Amino acid sequence: MAPKKRTTQPVSKTVPPASAPGSLFDTASDPAPRQPENTRAPRPFIGIQFKCCSTYGRIYRNHEANAYAGNCPRCGKRVNVPIRHGGGSARFFSAG
């Protein structure tokens, strides 16, 4: 049995006119971008190098806003850094 010959259809090389429906892209009809659901302010923190386990971690300001409190991420040792009036601008410390 002889193999079938393939026939090719001619390809149309015409470009639709600019006035054809669907040929223009209208960005004005796009919906407004979604706003992120979590819009609260980031929680203040300081960086701590925990000497007890040679690890780095962040500790966050407590709800009373009078201290930064947290734990060593490896051994759980508690750290409390009080916030004093006129304190410093440093954001990284060593503890334990």
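Looking at the stretch 28-49, is at least one residue at pLDDT below 95, touching a Pro at 6+ places or on another chain (Cβ under 6 Å) and among the hydroxyl-bearing types (Ser, Thr, Tyr)?
There is no residue in the stretch 28-49 that is at pLDDT below 95, touching a Pro at 6+ places or on another chain (Cβ under 6 Å) and among the hydroxyl-bearing types (Ser, Thr, Tyr).
Please count how many residues of the stretch 48-71 are of a type in the set (S, T, N, Q) and in a strand (DSSP E or B).
Step one: filter the stretch 48-71 for residues of a type in the set (S, T, N, Q), giving 49, 54-55, 62, 66, 71.
Imposing the further condition that a residue be in a strand (DSSP E or B) reduces the set to 49, 55, 71.
Qualifying residue count for the region: 3.
Could you please find all residues in the stretch 34-83 being farther than 19 Å from Ala95 by Cα and over 20 Å from the mean Cα position of the chain (by Cα)?
Initial filter on the stretch 34-83 (farther than 19 Å from Ala95 by Cα): 34-43, 63-65.
Hits for the stretch 34-83 are His63, Glu64, Ala65.
Criterion first (assigned to a loop (DSSP other than H, G, I, E, B) and in contact with a strand residue (DSSP E or B) (Cβ under 8 Å, 6 or more places away or on another chain)) does Arg74 satisfy it?
Working: assigned to a loop (DSSP other than H, G, I, E, B): yes; in contact with a strand residue (DSSP E or B) (Cβ under 8 Å, 6 or more places away or on another chain): yes.
So Arg74 fits the description; yes.
Any residue at all in the stretch 29-47 that's touching a strand residue (DSSP E or B) at 6+ places or on another chain (Cβ under 6 Å), closer than 13 Å to Gly96 by Cα and outside any loop (DSSP other than H, G, I, E, B)?
The initial filter retains those residues of the stretch 29-47 that are touching a strand residue (DSSP E or B) at 6+ places or on another chain (Cβ under 6 Å), namely 43-47.
Filter once more, keeping what is closer than 13 Å to Gly96 by Cα: none.
No, that holds for no residue.
The values are calculated or read from the model by the stated rules, or taken from the named source; none is laboratory data. Nothing here was measured: the structure is a model prediction, and the numbers come from that model. Positions of Cβ are backbone-derived with ideal geometry, glycine not excepted, and every protein chain shown enters the neighbour counts.
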